[in-house]
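Structure record follows, encoded as C-alpha cells.
The values are calculated or read from the model by the stated rules, or taken from the named source; none is laboratory data. Everything numeric in this text was worked out from a predicted model, so none of it was measured. Here the Cβ positions follow ideal geometry from the backbone for every residue, glycine too, while neighbour counts run over all protein chains shown.
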Amino acid sequence: MGFFRISIKALIISALTLFLYGSTLYGVIPTDRKISWESHLAGAAVGCVAAFRVARLPRLSRFSMEKR
C-alpha cells in the first residue's frame, strides 16, 4: 500500500516490514509437489489488488467522525 499511496511514511513502513518479514517469503513459496502454487499466486494477486483499491480510497480526516 505504501507503494500505491506514494507517501514517505507509508513507504518507510512498507520497506521496514519487507525487511523484517522478507525472509518469511521463502517459506510461503511451496516446495512440495503436493502443494498447489496456484493458490499462493492467487492470494498474492488478490493482496496486490486490495492494496491498490484501499490506497485509492479517500483519506478520512481525524475529526470526520466527530462531525457526524
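Tabulated values for the structure
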read-out: Any pair with Cβ under 6 angstrom, 6 or more apart, that starts in segment 43-68 at a residue that is under 15 Å from Arg5 (Cβ atoms) and in a helix (DSSP H, G or I) and ends at one that is at pLDDT below 85 and among the charged types (D, E, K, R); value: Ala55/Arg5
read-out: Checking Asp32 against (1) surrounded by 10 or more Cβ atoms within 10 Å (Cβ to Cβ); (2) modelled with pLDDT under 80; (3) not hydrophobic (A, V, I, L, M, F, W, C), the condition it does not meet; value: (1)
